[in-house]
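This report concerns only the one structure given below.
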Amino acid sequence: MSRLEDMVKDKQIISIVCNQWGDTGKGKFSDYFAANWADVIARGTGGNNAGHTVVINGKKRIFHLLPAGIIYDKEGKTNILGNGMVLDLKVLTEEMDELDKENIPYNNLMISDRANVILPHQIEKDQKKNKSQKKGGIGSTGRGIGPAYGDKILRHGVRVRDLFNRDMMAKRLEKAKGYYPDINIDDIISYIEPYAERIYPFVRNTIAEIHKFVNKGKKISLEGAQGLLLDIEFGTYPYVTSSSPSANGTASGVGLPGSIVETYGIAKFPYMTRVGGGPFPSELGEDISEIHCANDLDCDIFFEAKEYLGMDIDLSKIRKAQKEKNKVLLDKKEKEVVDYMRSNPEKVIGLIDSSCPFTQGVGIRMMGEEYGATTKRPRRTGWTDLVALKYAVGINGPNLILTKADVLGEAEEFRLCDGYNDGDNIVKTFDDDENFLRRITPKFSTYPGYQNITGETNYGNLPPSLKESIEYLESFTGGKVAMISTGPEPQQTIIR
């Protein structure tokens, strides 16, 4: 029996969720379980605000809606977009087009007839009110996710099944006019009809289908999106997403009870990240970092490479390409920057070893290539917060997967946040209240750095300081580390 089979023996349904603020490497492990274990891969929360990156044989693929397991369709694996999702059909059909170009089939794709549809007026509303942190927004992706979920709760959202009943769709939109008085119902229907026609062959009652799979004994992997600290119920409200990416939310989003699911919560270690506004107790650079990253593309990978690594980059040319959405040029320039960072690790490590916390954070962002897969925004960086992780373990369960440990190889030292200083008190209990999280300061434990561990597959071979910190994490949080990622490729994984 392989180590993976031994780890998941007697399990029929697992979920891969994030125990932090998202962007923890769920794509790699969603792909890992899809390729090596699952018969069915299902996603039940969020929309195209997610960006799951999968690296296979050195090639990077980013999926915003389709589950990572879609590339195994030819092996007979079923991929499901569940009832709890909100779907931008333009984006979905574009992803299908990309698969067509690569001759990757998706015959076994199922799209829930109960999922809600994102419409242009919802995107417009989101971009006006929530996208820009400079204007007081929460730093959303501006893709209409929040308004679509809001309209769902208000009971005038359009569901996938409504797309094939013109009268019902018009009825839903007529109710929505109370909140969007300027919408033209005929224009919206005309806009959405071609996309509806494209997805029609894949629309199913996915709740009934997944129950059939359970009864047949099929192995099911649930693919999470975003993270527990962004959960509408458990996250740092109001700086949260609009769905529940907890273990239970991920399960209910496809029509399953959370009680029958074995959950694996992913956490970056020994650093973590956050995108968008909101409190981040262990952030390197604190308020300076939050403001810096709130500038979005003004402080993107190109700016930081020029400013902190001294690369010769014409930012005016980059900004023009971004304005014109010249993806070919931007991809080329981004590759040049990433190649430079990878070939000059000593320069980036020098930033991490700086005495300035903000500069340390920039270096970690560069070494980990922490720029949004969907938005390309710079991610805020800080040391892994064990207090917050203990909170997540209490909600999502004890099984943990650690990612990005390979990023900090060769740095002089690393830290873990294991308490909050609140006046004269040290607090070791997480509270999602913004006032509390803004008031406290982090307490850190410091560990010696370690050598490069990229590609390591044996836990016993890890450096002493890294093993010591992992064991401390387990004792502090009550979690149990089941897997450790040592690189982006699937085989660069330790199974304990």
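The values are calculated or read from the model by the stated rules, or taken from the named source; none is laboratory data. None of the values given here were measured: they were computed from a predicted structure. Virtual Cβ from ideal backbone geometry, glycine too; neighbours counted across all protein chains shown.
Answer yes or no as to whether ASN108 is farther than 30 Å from PRO279 by Cβ and surrounded by 16 or more Cβ atoms within 10 Å (Cβ to Cβ).
Yes: the conditions hold for ASN108.
When you look at ASP431, is it surrounded by fewer than 24 Cβ atoms within 10 Å (Cβ to Cβ), part of a helix (DSSP H, G or I) and not hydroxyl-bearing (Ser, Thr, Tyr), yes or no?
So ASP431 fails the test.
Somewhere in the stretch 43-55, is a residue farther than 25 Å from ALA208 by Cβ and without any contact (Cβ under 8 Å) to a residue 24 or more places away in the chain?
No, the stretch 43-55 contains no residue that is farther than 25 Å from ALA208 by Cβ and without any contact (Cβ under 8 Å) to a residue 24 or more places away in the chain.
In contact (Cβ under 8 Å) with a residue 60 or more places away in the chain and more than 23 Å from the chain's Cα centre (by Cα): does that describe ALA294?
It is false that ALA294 is in contact (Cβ under 8 Å) with a residue 60 or more places away in the chain and more than 23 Å from the chain's Cα centre (by Cα).
Mind checking whether some residue in the stretch 384-396 is outside any helix (DSSP H, G or I) and either under 16 Å from ILE266 (Cα atoms) or of a type in the set (Asp, Glu) (or both)?
yes
Within the stretch 59-91, can you find the residues that are crowded, with 21+ Cβ neighbours inside 10 Å, assigned to a helix (DSSP H, G or I) and in contact (Cβ under 8 Å) with a residue 60 or more places away in the chain?
Answer for the stretch 59-91, where residues must be crowded, with 21+ Cβ neighbours inside 10 Å, assigned to a helix (DSSP H, G or I) and in contact (Cβ under 8 Å) with a residue 60 or more places away in the chain: ALA68, GLY69, LEU89.
Would you confirm whether or not the stretch 10-33 contains a residue that is in the same structural domain as LYS218 (by TED's automatic domain parsing), surrounded by 18 or more Cβ atoms within 10 Å (Cβ to Cβ), assigned to a loop (DSSP other than H, G, I, E, B) and aliphatic (A, V, I, L, M)?
Looking for residues that are in the same structural domain as LYS218 (by TED's automatic domain parsing), surrounded by 18 or more Cβ atoms within 10 Å (Cβ to Cβ), assigned to a loop (DSSP other than H, G, I, E, B) and aliphatic (A, V, I, L, M), one finds none in the stretch 10-33, hence no.
Out of the stretch 380-427, which residues are more than 18 Å from VAL481 (Cβ to Cβ), in contact with a strand residue (DSSP E or B) (Cβ under 9 Å, 6 or more places away or on another chain), surrounded by fewer than 23 Cβ atoms within 10 Å (Cβ to Cβ) and not aliphatic (A, V, I, L, M)?
Result: GLU412, GLU413, ARG415, GLY419, ASN421, ASP422.
How many of the residues in the stretch 458-473 are surrounded by fewer than 15 Cβ atoms within 10 Å (Cβ to Cβ) and either in a loop (DSSP other than H, G, I, E, B) or touching a residue at least 40 places away in the same chain (Cβ under 8 Å) (or both)?
Result for the stretch 458-473: 1.
Please find, among ASP296, ASP331, ASP312, the residue that is out of contact with any Gly (no Cβ under 7 Å at 6 or more places or on another chain), buried (at least 16 other Cβ atoms within 10 Å of the Cβ) and of a type in the set (Asp, Glu).
After ruling out the rest, the residue left standing is ASP296.
Return yes when SER289 is part of a loop (DSSP other than H, G, I, E, B), at pLDDT 90 or above and buried (at least 18 other Cβ atoms within 10 Å of the Cβ) and no when it is not.
Judged against the criteria, SER289 is not a match.
Of everything in the stretch 49-104, what is closer than 26 Å to TRP21 by Cα and polar (S, T, N, Q)? Give them in sequence order.
If the condition is that a residue be closer than 26 Å to TRP21 by Cα and polar (S, T, N, Q), then ASN49, THR53, ASN79, ASN83 are the ones that fit.
Please enumerate the residues belonging to the stretch 409-426 that are in contact with a helix residue (DSSP H, G or I) (Cβ under 7 Å, 6 or more places away or on another chain) and in contact (Cβ under 8 Å) with a residue 60 or more places away in the chain.
Listed by number, the residues that qualify are GLU410, ALA411, PHE414, LEU416, CYS417, TYR420.
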